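Just so it is clear, none of the values below were taken in a lab; they were calculated from the coordinates. In this text, all values refer to a predicted model and were calculated from it rather than measured experimentally. With ideal geometry, Cβ positions are generated from the backbone for all residues, glycine too; neighbour counts draw on all protein chains shown.
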Amino acid sequence: MRTDNHELSSASILMLAIICCIVVASIYFNQSVLNLITGSFPNEWGAVSLIPMTTQLG
């Protein structure tokens, strides 16, 4: 049985950390601007409230 030990370089770990930050930020960013979105669509609060749910579902 052969086992290969593949270690991640510091650059790879940094790249993965940055990607994780961007993904999490993009999921939660819309929650801070929901009032601005609602201002653009005043009679559509039900539809606007679905934005965070759909972005978190993926």
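Filtered by the rule that a residue be part of a helix (DSSP H, G or I) and exposed (fewer than 10 other Cβ atoms within 10 Å of the Cβ), region 40-58 gives 40, 46, 53, 54, 57. The residues on offer are 8, 16, and the sole one that is without any contact (Cβ under 8 Å) to a residue 12 or more places away in the chain, surrounded by 10 or more Cβ atoms within 10 Å (Cβ to Cβ) and in a loop (DSSP other than H, G, I, E, B) is 8.
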